[in-house]
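Here is the structure we will look at, set down as structure tokens.
The values are calculated or read from the model by the stated rules, or taken from the named source; none is laboratory data. If you're wondering where the values come from, they're calculated on a predicted model, not measured in any experiment. Glycine gets a Cβ as well: all are built from the backbone with ideal geometry, and neighbour counts include every protein chain shown. SASA here: full protein model, heavy atoms, side chains in, ligands and nucleic acids out. Shrake-Rupley method; radii C 1.70, N 1.55, O 1.52, S 1.80 Å.
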Amino acid sequence: MHGAKTAYLEFDNRDSEPWVLDWCLRCGYDEVEFNQHYSLLKKDL
């Protein structure tokens with residue numbers, strides 16, 4: 001609606017349950033950056 005072409009989410013496994021990351025990946029997000037506790041998720045709209 002406003003012209004956004006990409007959505008990003010930050011995931012920190014210290015603050016969220018592991019199933020949340022799996023759910024985001026099933027919803028079409030890709031992990032573009034990650035380390036032991038942190039993932040940056042990207043989805044093209």
Condition set of a type in the set (A, V, I, L, M, F, W, C), closer than 17 Å to THR6 by Cβ and without any contact (Cβ under 8 Å) to a residue 40 or more places away in the chain, scope segment 31-45, selection surrounded by the fewest Cβ atoms within 10 Å (Cβ to Cβ): answer is VAL32
Among residues of segment 15-30 being in contact with a strand residue (DSSP E or B) (Cβ under 9 Å, 6 or more places away or on another chain) and of a type outside the set (Gly, Ala, Ser), the residue least open to solvent (accessible area, probe 1.4 Å) is CYS24
